[in-house]
Amino acid sequence: MLPLVLDLGRLKLILIGDGEAAERRLGLLDAAGAADLTVHAEAPSAALALAAGSRLVRRLPTTQEMAAARLVFISDRTAPYCRALAGLARMLGALVHVEDQPALCDVQAPAVLRRGDLTLAVSTGGKSPGLAKQVKRFLGALFGPEWQERLDALAALRRGWREGGADAETVARWSESWVAGQGWLPSGETAVAEAAPGGIAAPRAAVRH
């Protein structure tokens, strides 16, 4: 498995399914920023219809619609169309995810914890989604809402360092040292400040005690 972060605001997506699994998947895709998403359902639940809104199409996708998609999610793994549509989507060049059917998947959907733009994903390669959810809950206790503000603060520093002339290697080193100095992570390290290009305060390499 190769973990990747996809910008769902740039990709054409199709979600196929009628019930609770499709509703859950739709919520996850919306949270991930899906901008071009069509939900195909032959007999959608009331909750799914409400969540999908104008994106709902009350039928299975056509071959032409499947050919336009980059990612296809099939939530009803026991539906009679499941295997055939997964094969068609793959043949047409789309990546396929079938709920709880690893053998039919090109991609696995991890359990995701979001703290602003900080995204932590846990995957078991489809072997145990329940374990992935438990690990996600564990991480949620370690990484609280404050991490969104922390990331924003570090991003602002990083922009200043780059504008001041620091190269990528230097910015990476300063970032690691600065995080260590803040004590956000249990590293046993502290940081010593130095001057960055442009007079911007920046950390020096972390010093271990």
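Rule-based calculations on the coordinates, nothing more; no lab input. Every value quoted in this text rests on a predicted model; they were computed, and no experiment measured them. As a convention, Cβ positions derive from the backbone with ideal geometry for all residues, glycine included, and neighbour counts pool all protein chains shown.
Points worth noting:
- Computed on the Cα trace of segment 59-179, the radius of gyration divided by the Kirkwood hydrodynamic radius gives Rg/Rh = 1.15.
- Most fluctuating residue given options Pro145, Pro80, Pro186, as computed from a GNM of the chain linking Cα atoms under 10 Å: Pro186
- Among Gly19, Ala86, Ala49 - extreme Cα towards positive end, dipole of segment 1-109, charges at beta-carbon: Ala86
- Principal axis box of the chain, alpha-carbon based, largest edge first, Å: 64, 33, 31
- Cα-centre dipole for segment 1-109 with unit charges at Cβ (Lys and Arg positive, Asp and Glu negative), debye to 20: 240
- Counting only DSSP beta bridges whose two residues both lie in the chain, roughly 40 percent are antiparallel.
- Cα centroid of segment 100-119 to Cα centroid of segment 17-63, whole Å: 18
- Peptide packing: for 31-40, 168-177, the average count of neighbouring Cβ atoms within 10 Å per residue gives the ranking 31-40, 168-177, highest mean first.
- Rounded to the nearest 10 degrees, the inclination of helix 82-91 to the longest alpha-carbon principal axis of the chain is 60 degrees.
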